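Heads up, the thing below is written out as structure tokens.
The values are calculated or read from the model by the stated rules, or taken from the named source; none is laboratory data. Note that the coordinates shown come from a computational prediction; the quantities given were computed from them, not determined experimentally. So basically every Cβ, Gly included, is an ideal-geometry build from the backbone, and we count neighbours across all protein chains shown. Remember, those area values only see protein heavy atoms, side chains included, never the ligands or the DNA or RNA. Shrake-Rupley method; radii C 1.70, N 1.55, O 1.52, S 1.80 Å.
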Amino acid sequence: MALVGKQFPNITVDAISEMGDNLRINVLEEATKNNKKVLLFWYPKDFTFVCPTELHAFQAALPEFEKRNTIVIGASCDTNEVHFAWLNTAKNNGGIEGVTYPLIADTTRNLSAALDILDAEWVYNEELNDEILEGSNVTFRATYLIDETGKIFHESVNDMPLGRNVNEYLRMVDAYTHIQTKGEVCPANWEAGKEAMNADRLSTAAYLSQN
């Protein structure tokens with residue numbers, strides 16, 4: 001179910017800070033009340049393999065997101081206690097020590113279910129004469145970019161083994177900000193500082209003739 005162009009779900013969930021403080025985070029309110037963009041990225045599990053590489057990559061890019069008035073939030077279905085243990089595990093031992101952005105603990109799966117990003121499916125079991133849940137019941141690698149009004153302007157979902165390219169999300173924030181401020185549209189492979197277009201046939205023709 002595509003959510004681009006829609007408001008992010010108004011759901012408050014548990015989270016934890018780098019210092020171990022238990023938080024309650026509403027991603028929609030983080031955007032609208034702070035007048036900031038939000039990058040929310042989901043990963044399957046703490047203490048796994050691709051996941052710590054992504055969390056450290058987002059941490060390394062955090063100053064760039066902050067320059068772009070963008071909050072970064074990580075999320076999984078693990079508990080705050082597991083998050084905190086991982087935050088206190090050294091990087092060279094597979095941990096995420098040094099990560100400073102908050103981590104959502106969607107243990108109820110209320111938010112991830114609303115976003116429809118769980119690897120889970122209810123199937124009928126004849127022996128039990130009832131439905132049972134199949135799948136890992138953890139999230140795929142879903143990413144959401146949310147603007148200052150709470151609207152989702154980008155979403156993507158990777159399968160479990162596929163790590164993300166953090167620079168692409170910086171590019172997407174740049175492109176959306178350009179659209180917001182200049183009223184132009186951004187062509188394929190656009191990057192900050194490159195030529196954009198007006199949303200009309202003549203502008204497209206002129207751009208294509210030069211590129």
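Other residues with beta-carbon under 11 Å from the beta-carbon of Asn69 carry, at +1 per Lys or Arg and -1 per Asp or Glu, a net charge of +1.
What does the net charge come to around Met160 if you take all other residues with beta carbon closer than 10 Å to its beta carbon, with K and R at +1 and D and E at -1? Counting the neighbours of Met160, the net charge comes to 0. Using the rule -39500 (n - 2.57) for each DSSP H run of four or more residues, divided by the residues of the chain, the 222 nm mean residue ellipticity is -9000 deg cm²/dmol. Considering only Glu155, Glu30, Glu81, the mean-square fluctuation computed in a Gaussian network model of the chain, springs between alpha carbons under 10 angstrom, is largest for Glu81.
Karplus-derived 3J(HN,Hα) values for region 180-190, using 6.51 cos²θ - 1.76 cosθ + 1.60 with θ = phi - 60°, are 4, 8, 9, x, 9, 10, 10, x, 4, 6, 4 Hz; glycine and proline are entered as x. Per residue, the chain exposes 53 Å² of solvent-accessible protein surface, assessed with a 1.4 angstrom probe and all protein chains in place. Packing order of peptides 43-53, 113-123, highest average first: 43-53, 113-123 (average count of other Cβ atoms within 10 Å over each peptide's residues).
A simple packing score, the average count of other Cβ atoms within 10 Å per residue, orders the peptides 22-29, 166-173, 125-132, 136-143 as 136-143, 166-173, 22-29, 125-132, with the highest score first. The dipole here belongs to region 108-186: it is taken about the Cα centre, uses +1 on the Cβ of Lys and Arg and -1 on the Cβ of Asp and Glu, and is about 660 debye. Within the straight-line cut-off of under 19 Å between alpha carbons, the aspartates and glutamates reachable from Lys6 are Glu29, Glu30, Asp116, Asp147, Glu148, Glu155, sequence neighbours fewer than 8 places apart in one chain being disregarded. Under a 5 Å amide H cut-off, with hydrogens placed 1.01 Å from N, Ala142 pairs with Trp42, Asn158 among residues at least 5 apart or on other chains. Taking every DSSP bridge with both residues inside the chain, close to 75 percent are antiparallel. Ignoring any ligand, DNA or RNA, what whole percent of the accessible area of the chain comes from carbon and sulfur when the probe is 1.4 angstrom? Carbon-and-sulfur percentage of accessible area, whole number: 49.
Each of Asn88, Val138, Leu208 was placed along the dipole of region 77-211 (beta-carbon charges, centred on the mean Cα), and the one lying farthest toward the positive end is Leu208. Positive contributions from Lys and Arg (+1) and negative ones from Asp and Glu (-1), summed over other residues with Cβ under 12 Å from the Cβ of Asn22, come out at -2.
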